[in-house]
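Everything below concerns the one structure shown next.
Each reported figure results from applying straightforward, stated rules to the coordinates on display, with no laboratory input. As the structure is a prediction and not an experimental result, all values here were calculated from the model. Positions of Cβ are generated from backbone atoms using ideal geometry, with glycine treated the same way; all protein chains shown enter the neighbour counts.
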Amino acid sequence: MQWDKKLIAITLIIFFTTILFSCADKPCPVLKRLDKSYGWPGGYFQGDWEDYYICARSYNKGGFYDEAVLALDKAIKQRDKDQWRARTYGMHFVDYFPHREKGYSYFQKGLYEKAKIELK
C-alpha cells in the first residue's frame, strides 16, 4: 500500500515537472557571422518582452534582419508601446523602441513601405 502511494507521488512529480519545463520559452537562437555571436547573450531566458528585445537588437547589429523582426513581433505582442526608461524589474529600466528597431530591419531589407509604417 505504501509503495503504491509513493509510486503515484513520484509519477505525478515527474509528470508535472516535465509539463512545466516543456512549456518554458526557449532562448532566441545564437547566430554567428565572422566569428561573432548574435542573439541571446546567455543567462536565464524568461521569454518576456525585454528578452526578445535584447535578441532583436543583437540580430539587427549582426545583419540578421528576418530574425530581428520575428523577435520584435514577440516583444511587441507582450508590450506594444515605445517608451523611454521602460521598467523591466525592480529599479532596472531600459529604453524600449521596438517599432524603431523593426522599421530599421525593414529598411535594411529594402521594404520601405513597411519601414515607413513602423517608423511613424
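For the residue pair Met91 and Leu31, what label-to-label distance in nm results when each label sits 7 Å from Cα along the Cα-to-beta-carbon direction?
3.8 nm
With the chain treated as a Gaussian network of Cα nodes joined by springs under 10 Å, which of Asp66, Asp35, Asp48 yields the largest mean-square fluctuation?
Asp35
Cut-off under 23 Å on the C-alpha distance; same-chain residues fewer than 8 positions from Lys77 excluded. Which lysines are left, in chain and number order?
In chain and number order, the partners are Lys26, Lys61, Lys102, Lys109, Lys114, Lys116, Lys120.
Estimate the FRET efficiency between Gln83 and Glu113 by the formula 1/(1 + (r/R0)^6), using the beta-carbon distance for r and 22 Å for R0, to the nearest 0.05. Mind showing how you got there, number by number?
Working: r = 25 Å, r/R0 = 1.15.
Result of the calculation: an efficiency of 0.30.
What are the extents of the Cα atoms of the stretch 64-114 along their three principal axes, listed from largest to smallest and rounded to whole Å?
Principal axes ranked by extent give 39, 17, 17 Å for the Cα atoms.
Could you check the spin-label model distance between Arg100 and Ile8? Points 7 Å from the Cα along Cα→Cβ, value in nm.
Distance between label points: 5.9 nm.
At a 10 angstrom cut-off on C-beta neighbours, averaged per residue, how do the peptides 75-82, 51-58, 5-12 rank from highest to lowest?
On the way: 75-82: 14.8, 51-58: 23.9, 5-12: 9.9.
Taking the mean over residues of other Cβ atoms within 10 Å, the ranking is 51-58, 75-82, 5-12.
For every helix of n ≥ 4 consecutive DSSP H residues, a contribution of -39,500 (n - 2.57) applies; sum these over the chain, divide by its total residues, and give [θ] at 222 nm rounded to the nearest 500 deg cm²/dmol. Can you show the working numbers first?
Details: 5 runs with 68 residues, N = 120.
The helix contribution divided over the chain gives -18000 deg cm²/dmol.
State, to one decimal in nm², a quarter of the convex hull surface area for the C-alpha atoms of the chain, i.e. the direction-averaged projected area. Walk me through the numbers before you get to the answer.
Working: hull surface 42.8 nm².
Across all orientations, the chain yields a mean hull projection of 10.7 nm².
In what order do Trp49, Trp40 fall by count of nearby beta-carbon atoms within 10 Å, going from fewest to most? Intermediate results must be reported in sequence, preceding the final value.
Numbers: Trp49 21, Trp40 18.
Listed from fewest to most nearby Cβ atoms, that is Trp40, Trp49.
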